[in-house]
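Data first, discussion second: the structure below is written as structure tokens.
What follows draws every value from the coordinates through simple rules; no lab data is involved. Not measured: the values here are computed from a predicted model. Neighbour counts are summed over all protein chains in view; Cβ atoms, including those assigned to glycine, are modelled from backbone coordinates with ideal geometry.
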Amino acid sequence: MIQISALPAFTDNYIWLLQEPQSRRCAVVDPGDAAPVLAWLKQNPGWTLSDILVTHHHHDHVGGVEALKRVSGATVYGPAHETIPARDVALQDNQRISVLGWDFAVYAVPGHTLGHIAFYHPGVLFCGDTLFAGGCGRLFEGTPAQMHASLQRLAALPADTRVYCTHEYTQSNLRFAQAVEPDNADIAERVENVNRLRARGEITLPSNLALEKRTNPFLRTAETSVKQKADERNGRDNRSGDEVFASLRAWKDKF
């Protein structure tokens, strides 16, 4: 059984490490810094880094790729429509790849960047900076409509899917979620749980889609309470989910 753990990087990034104990092969997702991965390999002799998965081109996700490939010879998978250093396999929407014996479906999820992709294996989603615990990524390149569609695509996956995003933003995201839905008891309960974890210095990830659909305002644009709050914020009747999302994202950017 593949084990998944987090290697902290920078101030709030996580590099996801997948370990396949029988073959002693491992893979990493979005290694923005080579140092945490190299340190783990040094502390765990006998393991081989065989695969590097990349969701998008931002430096805090690709900064360590070239160094890791030089050391390990790992195969680098990344989005076809972005410039990814040392990429071996350029991935398009709906392609499938096999990593450590697991089959992954590749989903195009534009919004944060135009070529952003996510990797899905039943029960496991590596979504980069598209869907966060309690939030979503900023729109650096894409449109609100693109990001809303990408999030809806991910939300349609099975409810028990574990969400492995790449930043420890959960506390700040949930503060915004409470501002959007102050009477949402699920959000209040989640805030308490997350605050306890962070007080102990513990990670708040992975999340899961069932929890996100109860507490993440960016997945709740069809909820009346969320639409009403969005309408209040920009003083208009946001008729579509795209418009509600755009209002929420603009609010969050200044929150």
When the chain is modelled as a GNM with alpha-carbon springs shorter than 10 Å, which of T113, T55, T75 fluctuates the most?
T75
Considering only the other residues whose Cβ falls under 14 Å of the Cβ of L7, what net charge follows from Lys and Arg at +1 and Asp and Glu at -1?
-4
With the label point 7 Å along the Cα-to-beta-carbon line of K254 and a cut-off under 13 Å to each amide N, the hits in the range 226-240 are 233-235
Dipole magnitude of the range 3-164 about its Cα centre (Cβ charges: Lys, Arg +1; Asp, Glu -1), debye to nearest 20:
280 debye
Give the dimensionless ratio obtained when the Cα radius of gyration of the range 96-233 is divided by 2.2 N^0.38 Å.
1.04
So what is the relative contact order of the range 3-164, in percent, for Cα pairs below 8 Å that sit 6 or more residues apart?
15 percent
Antiparallel DSSP bridges in the chain: what percent, to the nearest 5?
65 percent
So A199 and A179, fully extended at 0.36 nm per residue minus their Cα-Cα distance, gain in nm 5.0 nm
Lys/Arg +1, Asp/Glu -1 at C-beta; the chain dipole; positive extreme among A246, V124, N193
N193
Could you tell me which of L49, A86, L157 has its Cα farthest along the dipole of the chain towards the positive end, charges placed at Cβ (Lys, Arg +1; Asp, Glu -1), taken about the Cα centre?
L49
Shape box of the range 170-253 [Cα atoms, principal axes, largest first, Å]:
42, 22, 20
Under a Cβ-Cβ cut-off of 15 Å, what is the net charge of the residues other than G115 that fall near it, where Lys and Arg count +1 and Asp and Glu count -1?
-4
What does the charge add up to near A155, with Lys and Arg as +1, Asp and Glu as -1, over the other residues with Cβ less than 9 Å from its Cβ?
+1
Pairwise Lys count, the chain - Cα closer than 23 Å, eight or more residues apart or different chains:
8
Compute the projected area of the convex hull of the Cα atoms of the range 107-169, averaged over all viewing directions, and report it in nm² to one decimal place.
3.7 nm²
Name the most mobile residue of N184, N44, N173, meaning the one with the largest mean-square fluctuation, in a Gaussian network model of the chain with Cα contacts below 10 Å.
N44
Measuring from label point to label point, each 7 Å out along Cα→Cβ, what is the R138 to A156 span in nm?
3.0 nm
Please report the orientation-averaged projected area of the chain, defined via the convex hull of its C-alpha atoms, in nm².
13.0 nm²
Only loop residues by DSSP count here, and only those with at most 16 other Cβ atoms within 10 Å; note down the trypsin sites (Lys or Arg not before Pro) in the range 209-255 that meet that.
R236, R239
